[in-house]
Amino acid sequence: MTMRRQTVRRWGGRCSAFLGASILLWVSVPTQAAFEAVVNGDLEQVTAGQPNCFSQSGWGDSTATWALTTDAHSGQVAQSLTVNNRVSGDRKLLISENDVCAPAVTPDATYTVSVAYRSTVPANALTVFRHSAAGWTYWTDLKSLPAAVTWTTASAVTPAVPAGTDRISFGISISANGTLVTDDYALAPTASTPPPGTPAELTYNGGLEAGGATPDGWFLAGWGDAQVTSGSAAQAHGGLRAYSLTLAGRTQGDFKLLPTEARSPAVQPGQVYRLSVWYRSTADANAITVFAHTASGWGYLTDLQTLPASATWQQATVQTPAIGAGIDAIAWGVSLSANGTLVTDDYSTTLVDANPPPPPATGPPVEGRWTVSANNMPVRAMHATLLKNGKVLLLAGSGNDVNRFAAGTFQASVADPVAGTYNTVNVPKDMFCSGHMTLPDGKVLIQGGTKSYPSTAGGADYGGLKDSFIFDPDTSTFTKVGDANEGHWYPTLVELGSGDALMTGGLKEDTSGAVNTEYWASSTGTWRATSQVPQTWSFWGLYPHIFLMSDGRLFYSGGHVFGAGLPGTGASIYAWPSATIADVPGLRSKNERDQSASVLLPPAQDQRVMIAGGGNINTGVPAHGLTDIIDLKQATPSYQPGPDLPGPGKMYLNATILPDRNVLVSNGGRLNRDDSANVSSAAMFDPATNHWTPVAADPIGRNYHSTALLLPDGRVAAMGSNPGNGGYELRVSIYEPPYLFKGPRPTMTQVPAQASYGQQISFLVQSASTIRWAQLMRPMSVTHQMDSNMRLVDLPITVSGGVATVSLPANRNLLPPGPYMLNITDSAGVPSESAWVMIG
């Protein structure tokens, strides 16, 4: 990979480029692979002395010495670059410009770019390149960076990504003799990604209102021997500012105001664009001049129209020819080629849409389809667990009904989602608001529930039960096992890689907060004594959103139920064996994550967690639509802003991982248990692109005590809702995602019923398309919009002669033991139905 960069100082007739702009030619051979993150952003993965997915780059005349150093910003590796004997140019470590390494971006979105650096000289810049149909080209320098003796994080927000741009690369360039050390390259979207499409207005700061003597996003360009006077004009056409350009002593050349390279309108080959500008001129020698950008840089394209002198404001409007192949941006302005004064204002560039695109596609292949089941649930299903036989345990207990509690009427039912039938089950205790988890043998551990309702109506002093039970899917019976050490109402159970479980949070028998950590030993079917479990004596709140990390630690996302967040940053990593808790930064609105949704984004190997939405029922603040995403693989993880939820903000939203590796977020409400404020919208989140796509909405509004879980056939069941009037929604909605309307599904046969860690297993497949993925999906056990154990684990797959072979991870923390749904997904995003496999 080589790079050549040339600086052109002035216009050189009609074959010239930008004044002071740069022409960049980058020759690369891209590879075809799926991009999922800034690969190796911490530079820890190294091959032959160079960080993987990064390239040593630069141009000009200098001597560059590259070396790896252990004096890193994080981890063990950083990149040191020393420049000597510099005459011209710069040097920089860039993300390699190919489909594997360069981050994918979305047109019209903006991104925060950051790099940690140290530098001995104040001649550094945060430099960005972009990829389009024209190839890889220089985009912009986002900011200049001073010298820094200690580690400093340089960050800046990009301009809106131009249309046609699909990836970017960036790094810090050094343009003086000295030493620059870099580490921890990161990229994050700064706002919601808008739907694809060309924006109505492509000219940045067209009214020239922002900026100083030279408007922001513009510069003076030209060639020839004229004496040039330029700056703001006293009289504008619109707003408060226009731009005045005066030439004197001219014998040759022209000058004009043009957009900078980074702010030039992005265009698409084959399209036609309308250019409009208002002007006044004392000279009869003006023209609308257009330049085009390709992989070779900038060049003159055409003069579209000459403009006469005018003492008053006149509007000039022209259309470009169809944009030629390889052109991804244009720059245009009014050139003055005589002595006199030209004043311009209100520039506009818009697409001439001779063939308007059809309206956005609708219907099941795009939005999916919801159907309300003809059979209502017989119980108030506060808790829903998919069982290893494909049926669903619907657990109510007293169902948040104090009269049922007083009468000792505790309910549960086992639903068959295929037959649409329900089977009533005897419940020995009030398991309302208990904790539950699927065990390694496929049975369900249920701990706690309601020992007492509040002493006063509307109070918060619920008492928790010590009782624990095992539900057996084979017999549909509950069996009493040993009590926990304390009562727990609203606890969270997380399975560990050993198959044991940790329980945190909730209220004790005396209605106070449970500060003890409880440990379930699956081998003995008992809870360990409190003295045998490492303790932090911390209160984790009610139903804390806690996830098992790949290294065995636990991550608390900041999501919970009821009121404000925990002290500190609101999110933390819990190393339970050493009883230590470390806050992680970056969670926004930490005191408004009540009734939010948290999910370990697929695949689990990526170790990325998203928290979405939430509010605060104590303060009554309306729910928001913020999402924050954290990469737990980083040496010092921190939340980064994700794209906002589409539509209104909401709490009580359910997040469900799908086998096409999207996350369905459905239902919710703006206010606490208020049916009039339900937000029934639904959307799919694609973790690979960090993009939301709205889909069909559940026809039933659902808020508090609603659930949603994935069924083995790929459908999603949404159940329940318990608004403040005390009622309960017994209707069930079934969602068929778009992948069920995109053609035949791949099939699997002869799938082994059991598999172990690090093992390869084989089975037969049939598919009209290439098989893209295989995955194991944990059956959900959800309540209060949360399942801490929900995860999708990627299985590397090869297919030969109709036989698929998949490799299971050796890391039990990625894949805690128990029953899983194995399915495959083809290249069209269509998954098979699931087969049950016991992992252990």
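Structure above, values below:
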{"item": "Flag for G726 being of a type in the set (G, A, S), open to solvent by 30 Å² or more (accessible area, probe 1.4 Å) and on the phi > 0 side of the Ramachandran plot", "result": "yes"}
{"item": "Any hit, the range 637-651, residues being open to solvent by 30 Å² or more (accessible area, probe 1.4 Å), acidic (D, E) and either part of a loop (DSSP other than H, G, I, E, B) or closer than 17 Å to H624 by Cα (or both)", "result": "yes"}
{"item": "Close pairs from the range 73-84: first of a type in the set (S, T, N, Q), partner surrounded by fewer than 16 Cβ atoms within 10 Å (Cβ to Cβ), Cβ under 6 Å, at least 6 apart", "result": "S74/A635; S74/T636; Q76/T70; S80/A67; S80/T69; T82/T65; N84/T63; N84/N177"}
{"item": "Candidate set: the range 66-79, residues that are open to solvent by 20 Å² or more (accessible area, probe 1.4 Å) and touching a Leu at 6+ places or on another chain (Cβ under 7 Å); chosen: the one farthest from Y117 (Cα to Cα)", "result": "W66"}
{"item": "When residues of the range 80-98 are limited to those that are β-branched (V, I, T) and open to solvent by 30 Å² or more (accessible area, probe 1.4 Å), the one modelled with the lowest pLDDT", "result": "V87"}
{"item": "Residues that are out of contact with any helix residue (DSSP H, G or I) (no Cβ under 7 Å at 6 or more places or on another chain) and in a loop (DSSP other than H, G, I, E, B), drawn from the range 570-585", "result": "A571, A579, V584, P585"}
{"item": "Close pairs (8 angstrom Cβ cut-off, 6 or more residues apart or separate chains): under 15 Å from L187 (Cβ atoms) in the range 141-164, surrounded by fewer than 16 Cβ atoms within 10 Å (Cβ to Cβ) and aliphatic (A, V, I, L, M) anywhere", "result": "L142/V157"}
{"item": "L465 vs. criteria aliphatic (A, V, I, L, M), buried (at least 17 other Cβ atoms within 10 Å of the Cβ), in contact with a Lys or Arg (Cβ under 8 Å, 6 or more places away or on another chain) and within 28 Å of K391 (Cα to Cα)", "result": "yes"}
{"item": "Filter result for the condition that a residue is touching a Pro at 6+ places or on another chain (Cβ under 8 Å), open to solvent by 40 Å² or more (accessible area, probe 1.4 Å) and over 30 Å from I839 (Cα atoms), over A460, A407", "result": "A460"}
{"item": "Index of the failed condition, A156 passing every other in (1) touching a strand residue (DSSP E or B) at 6+ places or on another chain (Cβ under 7 Å); (2) at pLDDT 85 or above; (3) more than 17 Å from A125 (Cβ to Cβ)", "result": "(3)"}
{"item": "Single unsatisfied condition, Y739 versus (1) in contact with a Phe, Trp or Tyr (Cβ under 6 Å, 6 or more places away or on another chain); (2) open to solvent by less than 10 Å² (accessible area, probe 1.4 Å); (3) closer than 20 Å to L658 by Cβ", "result": "(1)"}
{"item": "Output for the range 632-686, where each listed residue is touching a helix residue (DSSP H, G or I) at 6+ places or on another chain (Cβ under 6 Å) and over 29 Å from L814 (Cα atoms)", "result": "G669, R670, L671"}
{"item": "Condition met for T203 (surrounded by 18 or more Cβ atoms within 10 Å (Cβ to Cβ), in contact (Cβ under 8 Å) with a residue 12 or more places away in the chain and outside any strand (DSSP E or B))", "result": "yes"}
{"item": "Complete set of residues in the range 99-120 that are open to solvent by 20 Å² or more (accessible area, probe 1.4 Å), among the β-branched types (V, I, T) and either more than 17 Å from the chain's Cα centre (by Cα) or under 25 Å from T69 (Cα atoms) (or both)", "result": "V100, T120"}
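The values are calculated or read from the model by the stated rules, or taken from the named source; none is laboratory data. Owing to the predicted nature of the structure, the values given are computational and were not obtained by experimental measurement. Note that we place each Cβ from the backbone using ideal geometry, even for glycine, and neighbour counts take in every protein chain shown. For accessibility, only protein heavy atoms count, side chains too; no ligands or nucleic acids. Shrake-Rupley method; radii C 1.70, N 1.55, O 1.52, S 1.80 Å.
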